[in-house]
Amino acid sequence: MDRRPQFKDPALAKALLTKIGMLAKDLPEVRIMEVCGTHTMEIGRLGLRQRLPDNIRLLSGPGCPVCVTPGEVIDSAVSYAQMPNHVLATFGDMIRVPGSGQSLEQVKANGAAIAIVASPLQLIKMAEERPETTIVFAAVGFETTIPAVARTIEIAAEKKLPNLKMLVAHRLLPPALSALCGDADTHISGFLLPGHVSAIIGEEVYRTIDELNVPGAITGFEALDILGGILSVLEMLINQTALIINMYPRVVRPEGNPHARALIHKFFTPIDAAWRGIGIIPQSGLALRDEFKAFDAPVLTQGSSTLPKGCSCGKVLKGLITPSGCSLFGSACTPQTPIGPCMVSSEGSCAAYYRYERINR
Ligand code: SF4
């Protein structure tokens, strides 16, 4: 039995691949970055890299929230988890990420109070049931996650829950695109833009990024979506245009989700923020507005944003190398013995390459 992933519409997939192959003949090396970790996983699972012409390269980008969360946030989460009468709540992806010392998983094994949640809305019940305990949530994620966190704060404010706090480490995608395009080393020819984030921020915001002067296709997550996105970028390169095209209109509206954005704006204000392995990106993070500071759990340590020794996640996240270009990949660093965040997260590039690309090759 053929156990390789099957395309939903193999004939259309084949036609798209044929068209991509024809266009690629007229192009030099093309470097298309899939910004989103979900794209990276799906591209690996479907073996799309190996089905593309040799001169079409897909690069993984910084769209893995856990991967770009600074070490000082991880260290602060660990500290909160160890405080008396505190529970640190987190998404499961964060639990194994190394900070400058122990991970959440390691301190949990020694008795620290850590709760894994699937949605921030679960925090309301936790805070109500344990009024004597401070619930600190590691608020990590991009525009897709932030509205749910904002709504949680809104409910907590209505219910007057003083024991619910947010360790805010959200990141915004458009400023990261701006930084990537402004980096002379990245040489990105075009972008597959993330479908889920775009459902919130819409199409128009991309057109306001001055540095974004390469083609971009807002792309869904099925094989045909991804192939269609690649084809769209190649067509724009051949026509020497650099537009933003929405290839995912069944989910992404031009204006995005104004209600979700209004919710974000109500509770948060943009700030300059560090991306692990990349550095400070202006206006790419969020802080709680002054009137909601009562819900803030501040970062407790500073200056521990560096990566573990020998880890090249920063280069991987900027598309400068593929994970196999890291000397630790697959030897010292594996999903069982992860050294850097890109190997820990289920959306991390190194985890995706380890799981799929070694086999695909
Ligand atoms: S293979 Fe491991 S050490 Fe190398 S960049 Fe990836 S996560 Fe970091």
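Throughout, read-outs are computed from the coordinates displayed, never taken from laboratory work. None of the values given here were measured: they were computed from a predicted structure. Note: ideal-geometry Cβ built from the backbone for every residue, glycine included; neighbour counts use all protein chains shown.
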**Item:** Projected-area mean, the stretch 48-95, by convex hull of Cα positions, square nanometres
**Value:** 4.7
**Asked** Using the 10 angstrom Cβ neighbour count as an exposure proxy, how do 181, 64, 333 rank, fewest first?
**Response** 181, 333, 64
**Complete:** Rounded to the nearest Å, the spacing of the alpha-carbon centers of the stretch 250-311 and the stretch 86-118 is 20
**Request:** Two decimals is fine: what is log10 I(q)/I(0) at q = 0.14, 0.18, 0.20, 0.25 Å⁻¹ for the stretch 1-101, from a Debye sum with one equal scatterer on every Cα and no solvent?
**Result:** -0.72, -0.92, -1.04, -1.33
**Item:** Cα convex hull of the chain - mean projected area over all directions, nm²
**Value:** 18.7
**Prompt:** Regarding the stretch 150-221, what whole-number volume in Å³ per residue does the convex hull of its Cα atoms give?
**Reply:** 130
**Asked** What's the extension gain from residue 265 to residue 25 if we count 0.36 nm per residue and subtract their Cα-Cα distance?
**Response** 81.8 nm
**Fill in**
So residue 129 and residue 155, fully extended at 0.36 nm per residue minus their Cα-Cα distance, gain in nm 7.9 nm
**Message:** Can you report the principal axis dimensions of the stretch 51-166 using only the alpha carbons, biggest first, rounded to whole angstrom?
**Reply:** 60, 33, 21
**Prompt:** Given the chain, what percent of its DSSP beta bridges are antiparallel, to the nearest 5?
**Reply:** 20
**Item:** Relative contact order for the chain, counting Cα pairs under 8 Å that sit 6 or more residues apart, in percent
**Value:** 22
**Fill in**
Here the net charge surrounding residue 319, from other residues whose Cβ is less than 12 Å away from its Cβ (Lys, Arg +1; Asp, Glu -1), is +1
**Item:** Under 26 Å from residue 159, Cα to Cα: lysines that are on another chain or at least 8 residues apart
**Value:** 125, 266, 293
**the stretch 111-165: translational diffusion in µm²/s, Stokes-Einstein, Kirkwood Rh over Cα pairs, 37 °C, 0.692 mPa s** = 283
**Request:** Give the cross-link partners of residue 8 among the lysines, using a straight C-alpha distance below 30 Å as the criterion and excluding same-chain residues fewer than 8 apart.
**Result:** 19, 25
**Asked** What ranking do 211, 291, 132, 72 get, fewest neighbouring Cβ atoms within 10 angstrom at the top?
**Response** 132, 291, 211, 72
**Request:** Please list the radius of gyration and Dmax for the stretch 313-360, considering alpha-carbon atoms only, with Å as the unit.
**Result:** 9.3, 25
**Complete:** With residue 345 itself left out, Lys, Arg at +1 and Asp, Glu at -1 over residues whose Cβ is under 10 Å from its Cβ give -1
**Prompt:** Stokes-Einstein at 10 °C, 1.306 mPa s, Kirkwood radius from Cα pairs: D for the stretch 224-348 in µm² s⁻¹?
**Reply:** 86
**Item:** Residue of 97, 233, 30 that the Gaussian network model of the chain assigns the largest fluctuation, springs spanning Cα pairs under 10 Å
**Value:** 30
**Within the stretch 109-123, backbone nitrogen closer than 15 Å to the virtual label 7 Å beyond the Cα of residue 346 toward Cβ** = 116-120
**Prompt:** What net charge do the residues around residue 266 carry, taking every other residue with its C-beta under 11 Å from that of residue 266, with Lys and Arg at +1 and Asp and Glu at -1?
**Reply:** +1
